[in-house]
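Contents: one structure, followed by commentary.
The values are calculated or read from the model by the stated rules, or taken from the named source; none is laboratory data. From a predicted model like this one, the values you see are computed outputs, not experimental measurements. Reconstructed Cβ throughout: ideal geometry from the backbone, glycine too, with neighbour counts over all protein chains shown.
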Amino acid sequence: MQFARPEKIEDALTLLREGEWAILAGGTDFYPGLRDGVPSRPVLDITALTDLQNIEQDAEYWSIGALATWSDVVRADLPPCFDGLKRAAREVGSVQIQNRATVIGNVCNASPAADGVPPLMTLGAIVETVASSGKRRIPLQQFVLGNRQTDLHPGELVARLLIPKTSAVGASSFFKLGARKYLVISISMVAARLASDGEGRINDAAISIGACSAVACRLTALEELLKGKRLSDDLAALVQRSHLGDLAPIDDVRAPAAYRLDASLELVRRAISDVARQLS
Amino acid sequence: MHAGGDNQAAPVPARGEGVGSAIRHLDGRGKVTGSLNFGADHVPDGAVAVRVIRSPHHHARFTFGDRQAFLDAHPGIDLVLDAGDIAGRNCFGVIPPFADQPVFAEGKVIFRGEAVAAIVGDVDAVKAIDEASFPVSWETLDHVLTPKEAQSANAPRLHAGREGNVLVGGRVERGDPEKELAKSAHRVSLSTTTPSIEHAYIEPEAGYAVRDGDRIVVHGCTQAAHMDRESLADIMGLALEQVRVVPTACGGGFGSKLDISLQPYVALAAWKLNRPATICYTRSESMRSTTKRHPSDISVTIGCDADGRLTGMDFSGVFNTGAYASWGPTVANRVPVHASGPYLVPGYRAHSLAIHTNAPPSGAFRGFGVPQSAIAQECALDLLAEKAGLDRLEFRLKNALKNGEPTVTGQLFEKGVGIVECLQALKPAWQAANETAATFNASTNGSGLRKGIGVASCWYGCGNTSLPNPSTIRIGITAAGHVVLHQGAADVGQGSNTVIAQIAADALGVPVHSLQLVGGDTDLTPDAGKTSASRQTYVSGMAAKLAGEALRSQVLRLGNVSEAADIDVKPGRIGLSDGDVRANIDLNKIDNAENGYVLFAEETYDPPTQPLDENGQGVPYAVYGYGAQLVELTVDTRLGTVTLDRITAAHDVGKAINPMLVEGQIEGGIAQGIGLALMEDYQPGRTENLHDYLIPTIGDVPPIECHIVEVADALGPYGAKGLGEHVLIPTAPAILNAIRHASGVLVTNLPATPDKVRAAILEGAEHG
């Protein structure tokens, strides 16, 4: 079995250009995915690419590097709009998993139940890939294509997630529903971010649901409805079943589809109320 | 109440003070430092690896292809084993008259995970094999996974001679249940179902075998070394003396490691190649191939009079016993004896049936079917209490069995029936919890959160049901002055290595930490029976007490001192002090080196039981243990999620030989009961891993308060009773009763996952 652990991004990209590699970072999805077998592809371990470790900011963006773990997110000094992502970070797997698993690994694994995707969607996250041929920036919604499918091209590596400061505003929340407390695949999860104009009126709304469709969904109709409403309104009462129209939950060992919809509706109400409370 | 608190120094009791002391596990240091080997911890030099090829189908015919071509294509693979390699009988089973399971299936498999062959060779070569490349072709057959399907007219017959796929039934009848129920002021009928449950011990099956001339030595995790030995001799066509089984430290068994698993595969490989052979099951393999808790389908009707006294009970339980017999007959026999719970029930009828299906074999799992029957019985009791207009705890107290009252098998105990004391112990917590819940529920405006409390009882007979199950313990003193305890009761984490030593030390009259322990080796330790049926503290404990006392008598006689004398075993001598009298035994002058000991005793204890008659009347167990648990929880009625707030457990252990280990058993049993109630559901082909099969995490287990109740038993060592299985029984029904108290709905199809709780609430709202 071929294995490489380059220390420079250029070396990693050279290897990626020349062969088809399985990329290994935290390993918390990689190893269980082998199902007691040996890897079928050569393994490129990117954990020595220390340039990709940081969570940082410049004038335009917050940036989460490819090696940043969930524990790094919890510890990072970030504005309140990241609180939903931090809550997700505390609910991914267990503390041990959070210490190993990377945020970007969660995105690239492209599970319908990826805990990180809904809060990142509400933050308007952009995926930045690198390759020998150059960089690409793809909105998260377009990067995750389906169950275990992404728009990562051959030769590419995801270097960082960029959160535009234009959408990194307001406050946020996250609720995860599972059949046990830790180490559980979500039955449903909801992330919400709201911003207000300073006079009690909502001027930005982003709500996303995971585990109820192949890729997490934004509830755009509800977002539009919320814009212009006052934080003091009974926002939860505005949420209707029709707002979940784009969801296509499945029946599986974790829950029936009907329950997923029923519970999601309640989670959306709670998430919105929670954020409104924070902003008030 | 809390023995052995975290910051206290571990006790080191003096002579005569071992029993009742919360000493740490005597094998604990080795487990913590890693010096003690579990099944996979030691790989002998030059060992080959063994990997079992298993059926991917529930029911199929199969034929092997070109084996030589497979061997030629895979250098490093030395051997392929199948049924043709078995020199003895290709059949095993824990209850010999029902033995029906092949080591390797012959032409047909009847469950997914059944072994058909094994590949043996270099460790890396074996690991690298893609199982799809193994030359076997399958022809799938219709399968049945539920008793209902298995009993339909066109269902496949899984075993010759077992009509309708019925393995066996059980019954207990007493009085006239029909008449009693007919005249009852209040009656409740309830049906419940529980799914297949995986034991999910931390350590998957692992071990190794070494051929030693014409003997085979098997090291591995097990709950029953001597039973393994008999099975292996039978399978390999060897004399019993040619088989040695050496249990490794065991990372949990819970009943499943009573049946053999890896042992014949490594033994056959080592025998054939004359090289050590190792195996370590993957988690998925462990889950697919080993036994499960019986899925159950239970109906019960219970009645009481206008005063709330139980009158009659009619119970029927159908158990899915899976592909092979395993412990199915034990479940069928135990359930009717226990399905009344620890209550006085004048008119009683309980029938059970074990039905074969193409599911994995259902076997022993902490409680042998009783946790399932207790769910139906204790939830029905709650409903009945409400109909009778009585507090649920008071209703149980009113009906709790007392000394001198007949059990449902007509057995009378003059002393030791401790259920009243357990229920009484819960009373203060029950009253406080009721108030807390009422206050909370009155104040939560519109949150959808509701608190509820529930209670349930248990009783459980210790040892085999009306069958002999002796234990033998040996203890000796060497010329050098070492006191050595030969203790063969498998310690699967529950603590028999420690508890049996505490009893033996006190019986002999030496400090427990002065004992040297020899444990778990069929060449070195006499048969202490299997670690199951909550029998080791009672049965092996009694054997240890008798052996210790016998050795003490020898010593006292030699020193010509009285019963009251103190024994002090020193290098080469024993000092005796009896009041003012001092005596000394020079161990080097004793001309009797039997078994390497100058002084030695070996004693056997077998519980006094009597056979059950055709109505199940008799003395099935010499000793029962009792318990009751109180659950406080919060239901999020809009999501259907359940958060456990606190569990208070009161268990009558007769005498807590080691209070810390009693607490450990209570906490562990409750954790498993939580899984049974709220999340566990084994589905072959769907939840064969610990990613999809959920067991409780630390976040799902609430604070647990233990009340250790000590109502001395007439027979047990120092009054002790068994505990291991009891602790799991009340948890699930108490949780379900608390969910109902909180939300108004009783979930009867376990597990009570959020979607089921929510669906029941929505349905209740529709009908309400």
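General remarks:
- Applying the criterion of at least 2 residues that are more than 14 Å from chain B (Cβ to nearest Cβ) and of a type outside the set (A, V, I, L, M) to the strands (runs of 3 or more DSSP E) found wholly in region A:139-217 leaves A:157-164, A:171-177, A:188-196, A:202-210.
- Among residues of region B:680-695 that are closer than 15 Å to B:SER286 by Cβ and at the interface with another protein chain (Cβ under 7 Å from one of its Cβ atoms), those with a Cβ under 7 angstrom from a residue that is among the aromatic types (Phe, Trp, Tyr) and assigned to a loop (DSSP other than H, G, I, E, B), sequence gap 6+ or separate chain, pair up as B:THR687/B:TYR693.
- Residues (buried (at least 24 other Cβ atoms within 10 Å of the Cβ) and of a type outside the set (S, T, N, Q)) located in region B:649-661: B:ALA649, B:ALA650, B:HIS651, B:ASP652, B:VAL653, B:GLY654, B:ALA656, B:ILE657, B:LEU661
- Contact annotation: no residue pair with Cβ atoms under 7 Å, 6 or more positions apart or on different chains, pairs a residue in region A:161-177 that is of a type in the set (Phe, Trp, Tyr) with a partner that is surrounded by fewer than 24 Cβ atoms within 10 Å (Cβ to Cβ) and assigned to a strand (DSSP E or B).
- In region B:216-274, residue nearest to B:MET287 (Cα to Cα) [restricted to those that are among the polar types (S, T, N, Q) and part of a helix (DSSP H, G or I)]: B:SER256
- Boolean, A:VAL92 is aliphatic (A, V, I, L, M), loosely packed, with under 15 Cβ neighbours inside 10 Å and within 14 Å of chain B (Cβ to nearest Cβ): no
- Each residue in region A:231-247 was checked for being away from every other protein chain (no Cβ under 14 Å) and surrounded by 14 or more Cβ atoms within 10 Å (Cβ to Cβ), and 7 of them qualify.
So that you can scan it fast, the table gives a plain yes or no per residue for (1) more than 14 Å from chain B (Cβ to nearest Cβ); (2) modelled with pLDDT under 95; (3) touching a helix residue (DSSP H, G or I) at 6+ places or on another chain (Cβ under 9 Å):
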position	(1), (2), (3)
A:ASP45	yes, no, no
A:ASN54	yes, no, yes
A:GLU60	yes, no, no
A:ILE64	yes, no, yes
A:VAL74	yes, no, yes
A:PRO80	yes, no, yes
A:ASP83	yes, no, yes
A:GLN98	no, no, yes
A:ILE104	yes, no, yes
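- Where a residue in region A:128-156 is under 21 Å from A:LYS8 (Cβ atoms) and its partner, wherever it lies, is of a type in the set (D, E, K, R), with Cβ under 6 Å and at least six apart: A:GLU128/A:ARG137; A:GLU128/A:ARG160; A:THR129/A:ARG136; A:THR129/A:GLU156; A:ALA131/A:GLU156; A:SER132/A:ARG17; A:GLY155/A:ARG17
- Boolean, B:LEU633 is within 14 Å of another protein chain (Cβ to nearest Cβ) and buried (at least 24 other Cβ atoms within 10 Å of the Cβ): yes
- Restricting region B:265-320 to residues that are in contact with a Phe, Trp or Tyr (Cβ under 7 Å, 6 or more places away or on another chain) and of a type in the set (D, E, K, R), the residue that is farthest from B:PRO102 (Cα to Cα): B:ARG293
- Residue within region B:639-649 that is farther than 26 Å from B:ASN441 by Cβ and away from chain A (no Cβ under 14 Å) present: no
- Complete set of residues in region A:230-256 that are of a type in the set (A, V, I, L, M, F, W, C) and more than 15 Å from A:MET189 (Cα to Cα): A:LEU231, A:LEU235, A:ALA236, A:ALA237, A:LEU238, A:VAL239, A:VAL253
- A:ILE23 satisfies every condition listed in (1) β-branched (Val, Ile, Thr); (2) part of a loop (DSSP other than H, G, I, E, B); (3) over 19 Å from A:ASN99 (Cβ atoms) except (2).
- Of all residues making up region B:699-724, the number that are in contact with a helix residue (DSSP H, G or I) (Cβ under 9 Å, 6 or more places away or on another chain) and within 14 Å of chain A (Cβ to nearest Cβ): 3
- Residues of region B:588-596 include none that is surrounded by 21 or more Cβ atoms within 10 Å (Cβ to Cβ), among the basic types (Lys, Arg) and not in a loop (DSSP other than H, G, I, E, B).
- Criterion (out of contact with any strand residue (DSSP E or B) (no Cβ under 8 Å at 6 or more places or on another chain), acidic (Asp, Glu) and over 30 Å from B:MET542 (Cβ atoms)) met by exactly one of B:ASP85, B:ASP78: B:ASP85
- Failed item, numbered, when B:ILE129 is tested on (1) surrounded by 16 or more Cβ atoms within 10 Å (Cβ to Cβ); (2) in contact with a helix residue (DSSP H, G or I) (Cβ under 8 Å, 6 or more places away or on another chain); (3) modelled with pLDDT under 95: (2)
- Residues in region A:224-256 that are under 22 Å from the mean Cα position of the chain (by Cα), of a type in the set (A, V, I, L, M) and not in a loop (DSSP other than H, G, I, E, B): A:LEU244 only.
Every residue, every condition in (1) over 22 Å from B:GLU131 (Cβ atoms); (2) basic (Lys, Arg); (3) outside any loop (DSSP other than H, G, I, E, B); (4) in contact (Cβ under 8 Å) with a residue 12 or more places away in the chain, yes or no:
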position: B:PRO11; (1), (2), (3), (4): yes, no, no, yes
position: B:GLU17; (1), (2), (3), (4): yes, no, no, yes
position: B:GLY20; (1), (2), (3), (4): yes, no, no, yes
position: B:GLY30; (1), (2), (3), (4): yes, no, yes, yes
position: B:THR63; (1), (2), (3), (4): no, no, yes, yes
position: B:ASP78; (1), (2), (3), (4): no, no, yes, yes
position: B:GLY84; (1), (2), (3), (4): no, no, yes, no
position: B:ALA87; (1), (2), (3), (4): yes, no, no, yes
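- In the set B:GLY237, B:GLY252, B:GLY213, only one residue is out of contact with any Ser or Thr (no Cβ under 7 Å at 6 or more places or on another chain), surrounded by fewer than 24 Cβ atoms within 10 Å (Cβ to Cβ) and closer than 23 Å to B:GLY724 by Cβ; that residue is B:GLY252.
- Lone qualifier among B:GLY541, B:GLY481 - being in contact with a Pro (Cβ under 9 Å, 6 or more places away or on another chain), at pLDDT 95 or above, in the same structural domain as B:PHE600 (by TED's automatic domain parsing) and surrounded by fewer than 24 Cβ atoms within 10 Å (Cβ to Cβ): B:GLY481
- Test result for B:TYR621, under 30 Å from B:VAL747 (Cα atoms) and touching a Gly at 6+ places or on another chain (Cβ under 9 Å): no
- Residue within region B:42-57 that is surrounded by fewer than 20 Cβ atoms within 10 Å (Cβ to Cβ) and out of contact with any strand residue (DSSP E or B) (no Cβ under 8 Å at 6 or more places or on another chain) present: yes
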